[in-house]
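First comes the structure, then the notes that go with it.
The values are calculated or read from the model by the stated rules, or taken from the named source; none is laboratory data. Since the model is a prediction, treat every value here as computed from it, not as a measurement. Don't worry about glycine lacking a Cβ; one is built from the backbone with ideal geometry, like all the others, and counts go over all protein chains shown.
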Amino acid sequence: MKLFQGFLLACSMLMFIACSSDDAPEPEPAHRTVLVYIGGENSLYDFVSDDLDEMIQGAGDIPASDNLLVYVDDCSNPTRIYRIEMRSGKGVATVVKEYSTDLCSSDPAVLRDVCRWAITNYPASSYGLVLWSHGSGWLPAQEVRDTRSIIIDNNGNKTNIEESNSGPQMEIPALKEVLLEVFGNKGLDFLLFDACFMQSVEVAYELRNTTQWLVATPAEMPGTGSPYDKLIKSIFASSVDVEGIVNTYYNEYIDDSDYEGIIISAVKTSELDAFAEISAPLIQHYLLNDAITEGVFKYLPRAINDYPFFHDMKGLMMKNVPEYESQEWMIQLQKTVPYLKATDAWYTNLIWGGGTCRVDHEQCSGLSMYITSQMSGSAVNKEFWNEYLKTLEWYKDVCCQ
C-alpha cells in the first residue's frame, strides 16, 4: 500500500512539475535595447575603434537588464554585431553575430534585417537607435542602393579619402519605411544621428512618426562624433534623458581645441504637425519666391556643388517675416526644439583647407531648412534638389500652395 501511495505521490509531483513548466511566464523583456548602427566603410573608418572603446568604457552605466548592441561594418573585419556589457566588473564587447559576406549598410534591406534581429534576440519595452556614418540631410542620394541620405558604403574601398566616400547611400524616405515597418508608429524612444547635417526640418518631418525624439546636428558633426562613454547614462535613463544627451555633447566639445565646438539639438516629434501647420502660411507667403537670404545664419559657410547652404529656419523667419506675424511661430518653434546647445564656433571641412564658422546665437534654432529660391551649388544640382524636395512630406504639407 505504501508503495502504491508513493507511486501516486511521485506521479502527482511529475504532473505538478510539468504544469509548472508549461505555465511558467516568459522572461521579462529588457527595459531598453539600444542599437548603434555603424556604417563605417568610408572615410570615417578610423573612428570606429575609438567609438567602440568609448562604449566599453561607459558600460558601467548600462543597467544589467538592458542591452547595448553595436552593428559594425568597417573596412577591415567581417561585418558583426557586438553586445556591450559589464562582466566581472569590466566593460567588454562580445560578438553576438558575425556575417559571412560583406554587407552594404546603406541598403534599406540590410538595416531592416539588423533591426529585426536586434528586437527578436534582445526584446525590450523601449528602443533607441543611433545611426553612425556620413550624412547630408534631406538631400537625394547621389547613388542609391536598389531603389531606395544617410550612410555611405564604399564596399571596403579605402585607398584614399576622395574615393572612400563614393558608394551607395540611403535616402530618408527609405529610412522612414524601414523604421515604421520594424518598430511601428513612434516605436523608437529616440533616434540619434551621429552624422552631419541631419537636423533639418525636412528630415525631422519625414521621420516624425518613427520616433519620439530626434537628436542631431544641423551642421557638421566632429570627426570624433558622439562621446559615447558619457552619453550612455542619459541614453539608458529610466526615461531617456534627452536634455542630458544634448548637454553631454555640448560639454564634450565646448573646450575641444581640435574640433572647436558643436551645434546639437533635439526635436520633439509630437510637436511637428502643429509646427507644420503654423509654418505653412508664413513660408508660402514670404519664403517661396523672393526670400531674403543675405545675412541669414547658415550651417555651410559657402556654396559648393554637392550641398545647399542649410539656412537656419529661425534666421529665415527673422529676416523675412514681420515680427508681429512670427511671434506665435517662435513659441511653437521652442516647443518643437526644446533642447539646443551651441558653442560659439564649430569647425568645417567643407571649405578649402578647413576653417572655423561662427555661430549667430540670436538666429540659431538648431533646425535648418531649404528654400527652393536659394542660390547654392550648381544650377544642375539646384534643379535636381528642387524636384526631389517636392517628393518629401514637408514640401507637400507646408510648401505646396
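What is the residue count in the range 344-359 for residues that are more than 22 Å from the chain's Cα centre (by Cα) and surrounded by 16 or more Cβ atoms within 10 Å (Cβ to Cβ)?
Filtering the range 344-359 for residues more than 22 Å from the chain's Cα centre (by Cα) gives 344-345, 351-359.
From what's left, surrounded by 16 or more Cβ atoms within 10 Å (Cβ to Cβ): 357, 359.
So the count comes out to 2.
Does TYR324 qualify as being farther than 21 Å from TYR205 by Cα, among the hydroxyl-bearing types (Ser, Thr, Tyr) and either exposed (fewer than 12 other Cβ atoms within 10 Å of the Cβ) or at pLDDT 95 or above (or both)?
Details: farther than 21 Å from TYR205 by Cα: yes; among the hydroxyl-bearing types (Ser, Thr, Tyr): yes; either exposed (fewer than 12 other Cβ atoms within 10 Å of the Cβ) or at pLDDT 95 or above (or both): yes.
Against the criterion (farther than 21 Å from TYR205 by Cα, among the hydroxyl-bearing types (Ser, Thr, Tyr) and either exposed (fewer than 12 other Cβ atoms within 10 Å of the Cβ) or at pLDDT 95 or above (or both)), TYR324 qualifies.
Can you tell me how many residues within the range 344-362 are part of a loop (DSSP other than H, G, I, E, B) and either within 20 Å of TYR249 (Cβ to Cβ) or at pLDDT below 90 (or both)? Spell out how you get there, then give the answer.
In the first step, residues of the range 344-362 are kept if they are part of a loop (DSSP other than H, G, I, E, B); the result is 344, 349-354, 359-362.
Of the ones still in play, those that are also either within 20 Å of TYR249 (Cβ to Cβ) or at pLDDT below 90 (or both) are 344, 349-354, 359-361.
Residues that pass the stated criteria total 10.
Determine if the range 31-45 includes at least one residue that is out of contact with any strand residue (DSSP E or B) (no Cβ under 9 Å at 6 or more places or on another chain) and either assigned by TED's automatic domain parsing to the domain that holds SER88 or closer than 19 Å to LEU188 by Cβ (or both). Spell out how you get there, then give the answer.
First, pick out the residues of the range 31-45 that are out of contact with any strand residue (DSSP E or B) (no Cβ under 9 Å at 6 or more places or on another chain): 45.
Next, from what is left, pick out any that are either assigned by TED's automatic domain parsing to the domain that holds SER88 or closer than 19 Å to LEU188 by Cβ (or both): 45.
Yes, the conditions are met somewhere in the range 31-45.
Taking the condition of being closer than 16 Å to ALA204 by Cα and in contact with a Leu (Cβ under 8 Å, 6 or more places away or on another chain), how many residues in the range 264-288 meet it?
6
Return yes when TYR286 is crowded, with 19+ Cβ neighbours inside 10 Å, of a type in the set (Ser, Thr, Tyr) and under 20 Å from GLU220 (Cα atoms) and no when it is not. Walk me through it before giving the result.
Numbers: crowded, with 19+ Cβ neighbours inside 10 Å: yes; of a type in the set (Ser, Thr, Tyr): yes; under 20 Å from GLU220 (Cα atoms): no.
No, not satisfied.
Any idea which of VAL96, VAL70 is in the same structural domain as LEU175 (by TED's automatic domain parsing) and out of contact with any helix residue (DSSP H, G or I) (no Cβ under 7 Å at 6 or more places or on another chain)? Don't jump to the end; show me each part of the working.
Values: VAL70 fails: out of contact with any helix residue (DSSP H, G or I) (no Cβ under 7 Å at 6 or more places or on another chain).
One residue alone meets the criteria, VAL96.
Report yes if PHE275 is within 19 Å of the chain's Cα centre (by Cα), crowded, with 20+ Cβ neighbours inside 10 Å and either over 30 Å from ASN67 (Cα atoms) or not β-branched (Val, Ile, Thr) (or both), otherwise no. Reasoning before the result, please.
Numbers: within 19 Å of the chain's Cα centre (by Cα): no; crowded, with 20+ Cβ neighbours inside 10 Å: yes; either over 30 Å from ASN67 (Cα atoms) or not β-branched (Val, Ile, Thr) (or both): yes.
Here the answer is no, as PHE275 does not meet what is asked.
Kindly evaluate LYS341 against the criterion of being of a type in the set (Lys, Arg), surrounded by 13 or more Cβ atoms within 10 Å (Cβ to Cβ), in a strand (DSSP E or B) and modelled with pLDDT of 95 or more. Steps first, please.
Working: of a type in the set (Lys, Arg): yes; surrounded by 13 or more Cβ atoms within 10 Å (Cβ to Cβ): yes; in a strand (DSSP E or B): yes; modelled with pLDDT of 95 or more: yes.
For LYS341, the condition - of a type in the set (Lys, Arg), surrounded by 13 or more Cβ atoms within 10 Å (Cβ to Cβ), in a strand (DSSP E or B) and modelled with pLDDT of 95 or more - is met.
If you check SER166, SER149, which single one turns out to be of a type in the set (Gly, Ala, Ser), surrounded by 19 or more Cβ atoms within 10 Å (Cβ to Cβ) and either in the same structural domain as ASP74 (by TED's automatic domain parsing) or at pLDDT 90 or above (or both)? Walk me through how you get there before you give the answer.
On the way: SER166 fails: surrounded by 19 or more Cβ atoms within 10 Å (Cβ to Cβ).
Of SER166, SER149, the one residue that is of a type in the set (Gly, Ala, Ser), surrounded by 19 or more Cβ atoms within 10 Å (Cβ to Cβ) and either in the same structural domain as ASP74 (by TED's automatic domain parsing) or at pLDDT 90 or above (or both) is SER149.
Pull up the range 184-198, narrow it to residues that are within 17 Å of VAL240 (Cα to Cα) and hydrophobic (A, V, I, L, M, F, W, C), then point me to the one that is farthest from the chain's Cα centre (by Cα).
Only one residue fits best here, namely LEU188.
Quickly run through the range 170-209 and pick out the residues that are over 22 Å from MET221 (Cα atoms) and among the β-branched types (Val, Ile, Thr).
Answer for the range 170-209, where residues must be over 22 Å from MET221 (Cα atoms) and among the β-branched types (Val, Ile, Thr): VAL178, VAL182.
Tell me yes or no: at least one residue of the range 100-108 is assigned by TED's automatic domain parsing to the domain that holds ASP46, surrounded by fewer than 18 Cβ atoms within 10 Å (Cβ to Cβ), modelled with pLDDT of 80 or more and not β-branched (Val, Ile, Thr). Show your work before the answer.
Step one: of the range 100-108, the residues assigned by TED's automatic domain parsing to the domain that holds ASP46 are 100-108.
Next, only the ones that are surrounded by fewer than 18 Cβ atoms within 10 Å (Cβ to Cβ) stay: 100-102.
Next, only the ones that are modelled with pLDDT of 80 or more stay: 100-102.
The next check asks that each one be not β-branched (Val, Ile, Thr); those that pass are 100, 102.
The answer is yes, given that some residue of the range 100-108 is assigned by TED's automatic domain parsing to the domain that holds ASP46, surrounded by fewer than 18 Cβ atoms within 10 Å (Cβ to Cβ), modelled with pLDDT of 80 or more and not β-branched (Val, Ile, Thr).
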